[in-house]
Amino acid sequence: MERDEFTLVRDMLRAFATRFRSGSADDVKAQTRTDAQRALDELGLTGLRRTSPPAATAQECALLAEEHGRQPLTTSLLGTALLAPELLRLLDEGERAEPVHGARPTVALAGDLRFPDRDAVGLVAWDCDGADTALLVHAEGRA
């Protein structure tokens with residue numbers, strides 16, 4: 001991504017964060033969360049690492065994730081918008097740009113937030129608001 005383009009995307013995320021930040025998690029209503037997630041999705045960040053070659057570098061995505069984390073937001077960015085599309089791209093070698101049947105995946109991890117062993121139980125999904133499926137990638141690299 002060109003520097004000017006990255007600056008534009010970062011500034012859009014900053015404007016989003018200013019608009020949708022919350023004072024307290026106790027004050028957030030379900031519809032407010034849904035509206036915020038929809039607005040974040042409309043920024044198009046899920047496409048940054050979905051294509052081969054990716055539209056944004058891993059460093060640029062990390063800077064965007066840092067920007068997202070600066071504000072108290074109720075939206076999911078890492079699990080659903082950055083990691084799941086990246087895993088789909090890597091596992092399919094870029095052949096499948098969209099999840100199966102239009103599902104919105106997140107990433108299932110072991111309790112220590114690593115890829116789980118083959119027989120792992122008690123998996124978790126974090127930063128997964130809006131996800132309706134989970135990608136399970138074994139530590140050996142198979143889905």
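Only the coordinates and a few stated rules stand behind these numbers; no lab work does. These figures come from a predicted structure and were not determined experimentally. Glycine also receives a Cβ, built like all others from the backbone with ideal geometry; neighbour counts cover every protein chain displayed.
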Taking the Cα centre of the chain as origin and charging only Cβ (+1 Lys, Arg; -1 Asp, Glu), how large is the dipole, in debye to the nearest 20? 220 debye
Give me the three principal axis extents of the chain from the C-alpha atoms, as integers in angstrom, largest value leading. 42, 39, 28
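Calculate for the chain the 222 nm mean residue ellipticity that helices alone would give, adding -39,500 (n - 2.57) per DSSP H run of length 4 or more and normalising by residue count, nearest 500 deg cm²/dmol.
Working: 4 runs with 51 residues, N = 143.
Theoretical 222 nm ellipticity from helices: -11000 deg cm²/dmol.
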